[in-house]
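To start, the structure itself, in C-alpha cells.
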Amino acid sequence: LTVTIDYNDLQQQVQAAHTTAPGGAGMLDGTGQYLSPQTIRRIACDCDVLPIVLGGDSLPLDVGASQRTAPAYLRAALLARDGACAFPGCDHPPGTPQAHHIQHWVDGGPTALHNMVMLCAHHHRTIHNQHWHITLHHGRPQFTPPKQVDPTRTPRPGGIAQPAAHQHALHRRISIPRPPEDTP
C-alpha cells in the first residue's frame, strides 16, 4: 500500500475522516482516491512504514528504514501489563491485540513500553475515531474520553481485559514451557 502525503499534512491531528479533494490529503497511489491525514495516521499506527522523501521534482531524495511498531519482546511486555486490551471495562474476547502508540510515531513517539498500550481492534478504532487521550499513571494506562463521550472528561483507569467467559481462550494462547521428557 503506497500513500503519498506532505509531511506537514501528515502531522495534522484533526481532519475529516475522508477527503475527496487533494488539499491537505494523501493520495492512495494507483487509485486516484484521497485519504485524510487522520485516516492515514490510523492506518499507519499498526504497520511497517517506509518513508521516502521526495524533492520538488518528485524524485526520491532519501529512503528511510522500515519502522516496526512493536517487536515480539515489547508485545510480550504489553500483554503482561495490559492483557488483551487495556481499555476501561473491555469485555471483548481475546483476539489478536494491537500495540498502540500513546504519542503517535509521526509526532516523535518512541516504540517503547512507556509510550504504548495494548488494545483490541474495536477499542483501537475507538481511540482513533473518537480521539481519546491516553496517559500512563503510575505505570498503568489511563484513558480520558472526549467531550462527546463524557463532558467532564473524567480520566478512567485502564484494566486488563480478561473477562471470565473468555479467560480459558486467553490461557490457551499463552504457551507454558514444559520440562523435557525423560528418554530411556
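Could you tell me the extents of segment 62-161's C-alpha atoms along the three principal axes, largest first, rounded to whole Å?
Cα spread of segment 62-161 along its principal axes, largest to smallest: 45, 29, 25 Å.
Taking all protein chains together and a probe of 1.4 Å, list TYR34, TYR73 from the most accessible to the least accessible. Present the calculation step by step, with values, prior to reporting the outcome.
Numbers: TYR34 65, TYR73 160 Å².
Largest to smallest exposure gives the sequence TYR73, TYR34.
As a test of reading the structure, rank ILE134, ILE5 by solvent-accessible area (1.4 Å probe, protein chains only), most first. Intermediate values should be presented prior to the final figure.
On the way: ILE134 10, ILE5 45 Å².
Listed by decreasing accessible area, they come as ILE5, ILE134.
The values are calculated or read from the model by the stated rules, or taken from the named source; none is laboratory data. All values derive from a computational prediction rather than experimental measurement. Accessible surface is based on the protein model in full, side chains and every heavy atom, while ligands, DNA and RNA are left aside. Shrake-Rupley method; radii C 1.70, N 1.55, O 1.52, S 1.80 Å.
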